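Right, one structure below, let's go through it.
Throughout, read-outs are computed from the coordinates displayed, never taken from laboratory work. This one's a predicted model, so the numbers in the text were calculated from it and none came from an experiment. Ideal geometry is used to build each Cβ from the backbone, glycine not excepted, and the neighbour counts take in all protein chains shown.
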Number of protein chains: 2
Amino acid sequence: MSEPRWLTEEEQQLWLEFREFLWGYPRAMDRQLTRDATMSSGEYAVLAAVSQAAPEALRSGDLATTLEWERSRVSHLLRRMEAKGLIERCASSGDGRGQDITLTSAGWDTVRSAAPGHVTFVRETLLDPLSAAEQDQLGQMLSKIRCAAVERNLW
Amino acid sequence: MSEPRWLTEEEQQLWLEFREFLWGYPRAMDRQLTRDATMSSGEYAVLAAVSQAAPEALRSGDLATTLEWERSRVSHLLRRMEAKGLIERCASSGDGRGQDITLTSAGWDTVRSAAPGHVTFVRETLLDPLSAAEQDQLGQMLSKIRCAAVERNLW
DNA sequence: GCGAGAAGATTGATGTGTCAACTAAGTCGA
DNA sequence: TCGACTTAGTTGACACATCAATCTTCTCGC
């Protein structure tokens, strides 16, 4: 790789803030969930996705697709969540390879009690601080950035 | 927690894109570094910070402050990096509790060979896709969001 | 049907981050 | 100068993500 165009002072500044943000925001989200619901953000994402799919049972692979997660990540987390009694897995009726995921009643209780606090967190940290126009612009920027990464086969 | 204001369709959409982005971008960055430099983004951050501080040796705690990382995170990563021969630790001359961090020559080689590719990644995925005005707006938005999280003691 | 290959899912090794508990070294007041 | 407090850093237990390897079940051409 030959000499690239190095970053200017302002670019460096934006990059550092961006990088810190990428780290800090998920951690803030995890803290909110840990503190208020004794749950990780991954667990919340799974519970929310499965509860929204109900009453249909969600297949493990569909869950992976919905969340845009790797299969093995889903598998590991489901194992831990099953051990905690939050979800249940059973062989899919149609396809013997598939696993149908359902919430246990403890899972339902958990997601119902966590949802209000989490929605409030999202509102107060992401939506309220930004005007409607800014929200729009943010969405467009994220989309542009993602596309650039996709083009480089890195997303 | 009483009933919160639930998210509208558009808000839900933005939130999902945002959440996916928060996951996807760091992973894209890690992939670039793993692929081109056999290195994690954490290792790159440490090497870059220590190399910029040179020729002064950087203390472990200052590194934690600079990167805004937890102390133990720094400590664990430094141990692994020392085992790989990228950095060295020695008791700080002034304060017997401190640890001075320096790059080994392998560490210098590594960061020098990784830097061009990484800067190019940052330019192509973050800076180039956005106009100067957008970059500005992005910085402001991130700052607003961060402040909102700080106010809730979650950052 | 049957054998090759695709698809769904799990597993184990490894690297990484977090929290809480701990050790060691500096600081400071009486 | 001694004892309490603070600060720097490490450690261990645990949660989590990734990758590669594996196992099972489906599918499809013959």
>> Test of understanding: ordering A:His76, B:His118 by Cβ neighbours within 10 Å, fewest first, what list do you get?
In response: A:His76, B:His118
> Mind checking which lysines have their C-alpha under 25 Å from B:Lys144, skipping anything on the same chain fewer than 8 residues away?
Replying inline: A:Lys144
>> Using a label point 7 Å beyond Cα on the Cα-Cβ vector, give me the inter-copy distances for A:Ser75 in nanometres, one decimal, shortest first.
In response: 3.5
> For B:Glu151 and A:Glu20, what does the FRET efficiency come to when R0 = 30 Å and r is the distance between their Cβ atoms, rounded to the nearest 0.05?
Replying inline: 0.95
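How large is the Kirkwood hydrodynamic radius of the protein assembly as shown, counting all unique pairs of alpha carbons, in Å?
Details: mean 1/r = 0.0463 Å⁻¹.
Across the protein assembly as shown, the inverse of the average 1/r is 21.6 Å.
Suppose we flag GluC sites (Glu not before Pro) only when DSSP calls them loop and at most 15 other Cβ atoms lie within 10 Å. Which is the longest uninterrupted stretch of chain B?
B:71-155
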>> Of the candidates A:Gly117, A:Gly96, A:Gly24, which one comes out as most mobile in a Gaussian network treatment of chain A with C-alpha springs shorter than 10 Å?
In response: A:Gly96
> For chain A, what is the relative contact order in percent, using Cα pairs closer than 8 Å and at least 6 residues apart in sequence?
Replying inline: 19
> For B:Val150, which inter-copy label distances result when the label point lies 7 Å beyond Cα on the Cα-to-Cβ vector, reported in nm to one decimal and in ascending order?
Replying inline: 3.4
> Under the definition of partner shielding as Cβ atoms of other protein chains within 10 Å of a residue Cβ, what is the mean value for peptide A:4-12?
Replying inline: 4
>> As an exercise, take the mean of 1/r over every pair of distinct alpha carbons in chain A, invert it, and state the Kirkwood radius in angstroms.
In response: 18.2
> Within straight cross-link reach of A:Lys84, meaning Cα distance under 17 Å, which aspartates and glutamates are found once same-chain residues fewer than 8 apart are removed?
Replying inline: A:Glu43, A:Asp109
> What nm distance separates the two modelled labels at A:Asp95 and A:Gln13, each placed 7 Å from Cα along Cα→Cβ?
Replying inline: 5.1
>> Quick one: 3J(HN,Hα) in Hz for the stretch A:79-84, Karplus 6.51/-1.76/1.60 with θ = phi - 60°, rounded, Gly and Pro as x.
In response: 4, 5, 5, 5, 4, 7
